[in-house]
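Just below is one structure, and these are the notes that go with it.
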Amino acid sequence: MLLEENKPLAPFTTFQIGGPARWFAEAGTEEEIVEAVGWVRERGVALFVLGGGSNLLVSDAGFDGLVLHIGIRGVEANRASDQSSQVTYRVGAGEDWDRFVSRTVKDNCAGLECLTGIPGTVGGTPVQNVGAYGQEVATAIDCVRTFDLRQERFVEFTSAECGFAYRRSRFNTTDRDRFVVTRVDYRLTEGGPPTLRYAELQRAFADGMKPPLSDVSAMVRRIRRSKGMLIEEDVTDSRSAGSFFKNPVVSAEDLARIEAESGRQPPRFLSGPGSANANHAKVPAAWLIEQAGFTKGYAMGAAGVSTLHTLALVNRGGATARDILLLADRIRSSVEQRFGIQLEMEPVLVGF
């Protein structure tokens, strides 16, 4: 395993922000993960596991420990033995997520087509239960293989054991920083229908239409591009971590207060299935941010709000992590002062 010192981390993040790692290594196999963990244990240094860098904000000082970049590759497709339409993909955690989704669409296997265009690697998808445009990986994940840093052994979890919820899993809540994802298995349906729950997709495809997965995937990509949520080289609005804030789940009382304060009924959608969610709704954080006075293109020095979508904070060129956090704090404070709602940040903060 090649060990590097004082490795700049900004090039490994979509924000293009962050200082150096004191030590840096890439693990291309599970054995190299075990080797790296042994190395940090012997020296008593901190460990951070880096995937695609699409949901991170690295501090300007960098990370005073070992940054382990997961580069385990490989995609293996297996059909169910009972000749059903189920196909299981075993995917290395270091595989590019968008490239993998494109393969499943090409294979005409339904279940991930609405998650096209999302940056990052496969290993990050179960951690925050990646979701967009009416789909979540929770509905497709069959198994997550991990390395348990506490017990130093490999452990596999079924989907039910992952504790999936909106943008949550056991890997970023109760067991945060305990497990390193090495492989994810997805169970998809060959020839299955696309997921058309999202309003913009429903409008794009008339009632009764059964568009091919490729058309749905292409439409999602167009929508993401129109909102600045597609990472493209030399596009300023692409230097971001995507959605910087989570859509808050609020009570009926909160909704009434928001409506009274804004003078208009806020958009909302279901917070989840089941009776437990009956009296709650999810309100778009972007709408709250706009109502609090932050419009598209709002700038505060080198940090700003995307010109295409108010949910994305961007590095306009030369922004530091401190610049981004100052802007985020201003937005959060303004939303809380006006509506009494506390916005929760999505990106992981590293080295702070």
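The numbers here are math on the coordinates, done by the rules we state, and not lab data. None of the values given here were measured: they were computed from a predicted structure. Reconstructed Cβ throughout: ideal geometry from the backbone, glycine too, with neighbour counts over all protein chains shown.
When you restrict to C-alpha pairs under 8 Å that are six or more residues apart and normalise by the size of segment 117-253, the relative contact order lands at 24 percent.
Tell me what the chain gives for mean residue ellipticity at 222 nm when only DSSP H runs of n ≥ 4 count, each as -39,500 (n - 2.57), the sum divided by the residue total, rounded to 500 deg cm²/dmol. After summing the helix terms and dividing by the residues of the chain, the value is -7000 deg cm²/dmol. Comparing Gly38, Gly120, Gly131 in a Gaussian network model of the chain where C-alpha atoms under 10 Å apart are linked, the largest mean-square fluctuation is found at Gly38.
With +1 on each Lys and Arg Cβ and -1 on each Asp and Glu Cβ, how big is the dipole of segment 3-70 about its Cα centre, in debye rounded to the nearest 20? It would help to have the intermediate numbers written out before the result.
Numbers: 4 positive and 10 negative charges, 50 e Å.
Dipole of segment 3-70, to the nearest 20 debye: 240 debye.
Only lysines eight or more places from Lys106 in sequence, or on another chain, were considered; those with a Cα closer than 29 Å are Lys210, Lys227. Put simply, the amide H of Phe48, placed in the peptide plane, has neighbours under 5 Å in Leu66, Val67, Leu68, leaving out anything fewer than 5 places away on its chain. Determine which aspartates and glutamates satisfy two conditions relative to Lys282: a Cα distance under 17 Å, and not lying fewer than 8 residues away in the same chain. The qualifying aspartates and glutamates are Glu136, Glu253, Asp254, Glu259, Glu290, Glu336, Glu344, Glu346. Taking the Cα centre of segment 161-254 as reference, the dipole from Cβ charges on Lys and Arg (+1) and Asp and Glu (-1) amounts to some 80 debye. Taking label points 7 Å from Cα along the Cα-to-Cβ direction, Ala160 and Leu2 give a separation of 4.5 nm. Annotation: the residues Asp207, Asp237, sorted from fewest to most other C-beta atoms within 10 Å of their own C-beta, follow the order Asp207, Asp237. According to the calculation over all Cα-Cα pairs in segment 3-70, the P(r) per 10 Å bin from zero is 23, 55, 22, 1 %. The GNM of the chain, with springs linking C-alpha atoms under 10 angstrom apart, assigns the highest mean-square fluctuation among Glu76, Glu136, Glu30 to Glu76. As a rough footprinting exposure proxy, the listed residues Ile231, Ile17 were ranked by other beta carbons within 10 Å of their own, and the order from fewest upward is Ile231, Ile17.
Mean silhouette area of the chain, derived from the convex hull of its C-alpha atoms and averaged over all directions, reads 18.6 nm².
What the Cα convex hull of segment 23-143 gives, in volume per residue, is 117 Å³. What whole-number distance in Å separates the alpha-carbon centres of segment 1-47 and segment 208-227? If we compute the Cα centre of each part, the gap is 37 Å.
About its Cα centre, the chain has a charge dipole of approximately 820 debye under the convention of +1 per Lys or Arg Cβ and -1 per Asp or Glu Cβ, with nothing else charged. Values of log10 I(q)/I(0) for segment 94-179 across q = 0.11, 0.22, 0.25 Å⁻¹ run -0.30, -1.09, -1.30, by the Debye formula with one identical scatterer at each alpha carbon and no solvent. Residues Asp98, Asp177, ranked from the fewest to the most other C-beta atoms within 10 Å, line up as Asp177, Asp98. Across segment 337-352, rounded Karplus estimates of 3J(HN,Hα) from the backbone phi angles (6.51 cos²θ - 1.76 cosθ + 1.60, θ = phi - 60°) give 5, 7, 10, x, 10, 9, 7, 9, 6, 8, x, 7, 8, 10, x, 8 Hz, Gly and Pro being marked x.
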